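One structure below.
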Amino acid sequence: MTSFISRAELFTFLNHLGIKTITREHVPVFTVEDGAECWADIPGVHCKNLFLRDAGRQNWLLVAPVQRRIDLKTLPDRIGSRRLSFGSADRLWATLGVRPGSVTPFALLNDRQEQSVRVVLDAWMMQQPLLNFHPLENTATTTIAASDLRRFLEACGHVVSLAVLDPEAVNPVSVPACNTI
């Protein structure tokens, strides 16, 4: 059986990189709607994380602000994938070591060896100072600087792309449709 990192090991890894975070405990949150009340007093952009799989069997992790509208039909043209659908709970567990409701870019630490997940970050989101994610469990929210999230992802060895995920959004950003960072 595959062994996945724990929340404590995640924080040790972040500390080793010199990345400072703040984590707040709360009741379990399974959906963006559930989280609204828990997150009311937490500064920064609250994010949703979609574990996807394309028709070519490539796994994807899409990270965007919770309010971002994501159209799975037009997304392949924006990120350079084939037709997308949600990855199964079993595949999510086998790949990232988290359960539905706890999907987070921090889980990419469990994919360092395989490098089987392509990561796409919302371009506007990455221009904001603070971002919020679950620390592998949906009973807490961890705040991290956007620049530190990049450092974390680089340390995990993942190639990360920035994308304008909703060109009609009120917070446009000037980057190509999908740009590798």
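The values are calculated or read from the model by the stated rules, or taken from the named source; none is laboratory data. Keep in mind it's a predicted model, so treat the numbers as computed, not measured. Cβ: placed from backbone, ideal geometry, glycine included. Neighbour counts: every protein chain shown. With ligands, DNA and RNA removed, areas are computed over all heavy atoms of the protein, side chains included. Shrake-Rupley method; radii C 1.70, N 1.55, O 1.52, S 1.80 Å.
Just a few scattered comments:
- By average C-beta atoms within 10 angstrom, highest first, the peptides 99-111, 137-149: 99-111, 137-149
- Shown here for region 1-98: trypsin sites (Lys or Arg not before Pro) in loop regions (DSSP other than H, G, I, E, B) with at most 12 other Cβ atoms within 10 Å, namely K20, R57, R69, K73, R82, R83.
- Solvent-accessible area assigned to carbon and sulfur over region 37-156 amounts to 44 percent, based on a 1.4 Å probe.
- Size of charge dipole - the chain - debye, nearest 20, with Cβ of Lys, Arg +1 and Asp, Glu -1, no other charges: 460
- Think of a 1.4 Å ball rolled over the protein heavy atoms: region 80-165 then has 39 Å² of accessible area per residue.
- Heavy atoms of R118 accessible to a 1.4 Å probe, total area in Å² rounded to 10: 120
- Label assignment, Kirkwood radius over Cα pairs in Å derived from the structure, set (1) 16.4; (2) 18.4; (3) 23.2: (1)
- Note on H46: accessible area is roughly 30 Å² with a 1.4 Å probe, heavy atoms of protein only.
- Dividing the summed -39500 (n - 2.57) terms of all DSSP H runs of n ≥ 4 by the residue count of the chain sets its mean residue ellipticity at 222 nm at -6500 deg cm²/dmol.
- Per-residue surface analysis assigns D34 an accessible area of about 80 Å², computed on protein heavy atoms at 1.4 Å probe radius.
- Computed as a quarter of the hull surface, the mean projected area of the alpha carbon convex hull for region 26-112 stands at 6.3 nm².
- Normalised by the number of residues in region 25-69, the average gap of Cα pairs under 8 Å and 6 or more apart makes the relative contact order 29 percent.
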